[in-house]
Amino acid sequence: MARRSQPPAAVTGYRDRAELPQLGAAVPHGTVLLDTNVFINALAGRGPLVLRSLLENLPRSFIAASTQAELSWVRGRLDAGHRNTARVLAVYDELLSRLEPAKVLVPSNADWLAAGELAGRAARAIAGGGRNPATAFDRTELISDALTAILARSAGFTVVTEDADFDVLARLASGLTVLFYDRQ
């Protein structure tokens, strides 16, 4: 595995969202890898209608194993005694049951190493743009996003997300394609 120690000098901070490639009103052609926020926003009724279409057509989409873990995180996070917990868990359980194991991209050790390095380079680029991803949560989130990016790029899939961190990741990881959407 070739390792680069310096990010391209031109990558600093985030670009204006108007400059980013946007998800259209129809399900994109080609194979997509859905980021966690697609599921969360579609289930909450936020974002463009095409998000719900993507969930309805899950057999045509892929996810990263880290996305599956983030979705199952809800089970451990919600208060079992809260009156809405059972309903929310039923929705997530139904969704997770529709994720075919063959459509979950599982990282190798090399993918994890590449994701860690990419996340570090992205953190440096983001900090150069004024935001400093300094907390453990920031690092974990950026590593998860970088892992999704590495898996999508390796498979030749397009990431669908609202997360601006993927703008930086795509500029650092040549060959990564991302479509962005706004929550509205």
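Inclusion of D35 among residues that are without any contact (Cβ under 8 Å) to a residue 60 or more places away in the chain and not β-branched (V, I, T) is not warranted. Criterion applied to A25, A102, A18, A86 was being free of Cβ contacts under 8 Å to residues at least 24 places away in the same chain, more than 28 Å from A119 (Cα to Cα) and either assigned to a loop (DSSP other than H, G, I, E, B) or not charged (D, E, K, R) (or both), and the one residue passing it is A86.
Residue count for segment 151-176 satisfying the condition of being closer than 25 Å to G47 by Cα, in contact (Cβ under 8 Å) with a residue 24 or more places away in the chain and among the aliphatic types (A, V, I, L, M): 8. Somewhere in segment 88-105, is a residue among the hydroxyl-bearing types (S, T, Y) and either modelled with pLDDT of 90 or more or over 24 Å from N57 (Cβ atoms) (or both)? No, that holds for no residue. Here segment 129-143 is the region considered, the condition is being surrounded by fewer than 21 Cβ atoms within 10 Å (Cβ to Cβ) and assigned to a helix (DSSP H, G or I), and the residue that is modelled with the lowest pLDDT is A136.
Do we find a residue being assigned to a helix (DSSP H, G or I), under 21 Å from T12 (Cβ atoms) and not charged (D, E, K, R) anywhere in segment 157-164? No, that holds for no residue.
Quick grid of which residues meet (1) small (G, A, S); (2) outside any helix (DSSP H, G or I); (3) modelled with pLDDT of 95 or more:
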{"residue": "P48", "(1), (2), (3)": "no, yes, no"}
{"residue": "D111", "(1), (2), (3)": "no, no, yes"}
{"residue": "A114", "(1), (2), (3)": "yes, no, yes"}
{"residue": "A127", "(1), (2), (3)": "yes, no, no"}
{"residue": "A146", "(1), (2), (3)": "yes, no, yes"}
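Being at negative phi and surrounded by 10 or more Cβ atoms within 10 Å (Cβ to Cβ) is the filter; apply it to segment 9-18 and report the residue that is modelled with the lowest pLDDT. Looking at residues that are at negative phi and surrounded by 10 or more Cβ atoms within 10 Å (Cβ to Cβ), I get T12. The set of residues in segment 64-83 that are assigned to a helix (DSSP H, G or I) and either within 18 Å of I150 (Cα to Cα) or more than 18 Å from the chain's Cα centre (by Cα) (or both) comprises A65, S66, T67, Q68, A69, E70, R75, G76, R77.
The values are calculated or read from the model by the stated rules, or taken from the named source; none is laboratory data. Source: prediction; values computed, not measured. Glycine gets a Cβ as well: all are built from the backbone with ideal geometry, and neighbour counts include every protein chain shown.
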